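J.: If you scroll down you'll find the structure; I have some questions about it.
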């Protein structure tokens, strides 16, 4: 198996999660990397991706595992056949699937364009409620791990996985509360047991 970290930038941030899975599958086929298939009647390639990223959010910290026996330079083979914006940053051979969808617990993002505010104003609150895209009311405060402002950028770390907080919803909340609008949102790091 090969686990790799890749980008989702330069227009690729507008590719949906399922379409990205198809792009990766096609890239591997073009590169001559034979992926093992599942058993059963409806066989599918054993490609295991991390949690979906909100549409329009860029990333330099996406993770994926493929079940294959490839022994060459994976980065060179993948990047030589991948679409713009989806490029391998690092890779390693693994014995077992690291299950990035479960093992990544938090992600760091950065953005620009929101009006300045004191991060402590958010971090000292015991409860922050907002309505998600399904109309549910959520207390998002436990899902906010940290906020800091550096050189005009706002960096924030949010929980993901079971306690996921979408970065676009969080930026919308900040925009409504303090004004301004994010010009972009970029995932810069992922935190968990199996990241590299």
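We did not get these values from a lab; they are worked out from the coordinates using the rules stated. Here the structure is a predicted model, which is why all the values come from computation and not from measurement. As a convention, Cβ positions derive from the backbone with ideal geometry for all residues, glycine included, and neighbour counts pool all protein chains shown.
J.: For the residues 171, 159, what sequence is obtained by ranking on other C-beta atoms within 10 Å, fewest first? Let's see the in-between values first.
T.: Numbers: 171 23, 159 17.
Exposure proxy ranking, most exposed first: 159, 171.
J.: Modelled label-to-label distance, residue 120 and residue 84, 7 Å Cα→beta-carbon offset: nm?
T.: Each label point lies 7 Å from its Cα, and together they span 4.6 nm.
J.: Identify which of 67, 84, 118 has the largest mean-square fluctuation in a Gaussian network model of the chain, with springs joining Cα atoms closer than 10 Å.
T.: 118
J.: For a Förster distance of 30 Å, can you work out the FRET efficiency between the beta-carbons of residue 96 and residue 16, rounded to the nearest 0.05? Please list the in-between numbers first.
T.: On the way: r = 28 Å, r/R0 = 0.93.
Plugging the Cβ-Cβ distance into 1/(1 + (r/R0)^6) gives 0.60.
J.: I would also like to ask the following. Working from Cα positions, state the angle (0 to 90°, nearest 10) between the long axis of helix 17-30 and the longest principal axis of the chain.
T.: Orientation of helix 17-30: about 30 degrees from the principal axis.
J.: Let me ask something else about it. Given a 10 angstrom Cα cut-off, can you work out which residue in 42, 163, 99 is the most mobile in a GNM of the chain?
T.: Ranking 42, 163, 99 by mean-square fluctuation puts 42 first.
J.: Name the shape class, rounded, prolate or oblate, that the alpha-carbon gyration tensor gives for the range 41-87, where a ≥ b ≥ c are the square roots of its eigenvalues, rounded holds for a/c under 1.5, and otherwise prolate holds if a/b is larger than b/c and oblate otherwise.
T.: Working: a/c = 2.11, a/b = 1.16, b/c = 1.82.
Oblate, since a/c reaches 1.5 and b/c is not below a/b.
J.: Compute the distance from the alpha-carbon center of the range 115-177 to that of the range 55-88, in whole Å.
T.: 30
J.: Just subtract the alpha-carbon distance of residue 73 and residue 134 from 0.36 nm times their residue separation and send over the number in nm, one decimal. Please list the in-between numbers first.
T.: Details: separation 61, 0.36 × 61 = 21.96 nm, distance 4.33 nm.
Difference between extended and current length: 17.6 nm.
J.: Could I ask something else about it? For the chain, give the share of DSSP beta bridges that are antiparallel, in percent and rounded to the nearest 5; count only bridges with both residues there. Show your work: numbers first, answer last.
T.: Details: 40 of 42 bridges.
Within the chain, antiparallel bridges account for around 95 percent of the total.
J.: Using only DSSP helix segments of four residues or longer, with each worth -39500 (n - 2.57), what per-residue ellipticity at 222 nm results for the chain after dividing by its residue count and rounding to 500?
T.: Numbers: 5 runs with 41 residues, N = 196.
Mean residue ellipticity at 222 nm (helix-derived): -5500 deg cm²/dmol.
J.: Which option, (i) 1.11; (ii) 0.93; (iii) 1.03, is the value of Cα Rg over 2.2 N^0.38 Å that was calculated from these coordinates?
T.: (i)
J.: Related question: Who wins for biggest fluctuation among 180, 40, 56 in a Gaussian network model of the chain, springs between alpha carbons below 10 Å?
T.: With Cα springs under 10 Å in the chain, the top fluctuation among 180, 40, 56 is at 40.
J.: Enter the angle in degrees (range 0 to 90, nearest 10) between the Cα long axis of helix 167-178 and the first principal axis of the Cα atoms of the chain, meaning the one along which they spread out most.
T.: Between the helix axis and the principal axis of the chain, the angle is about 10 degrees.
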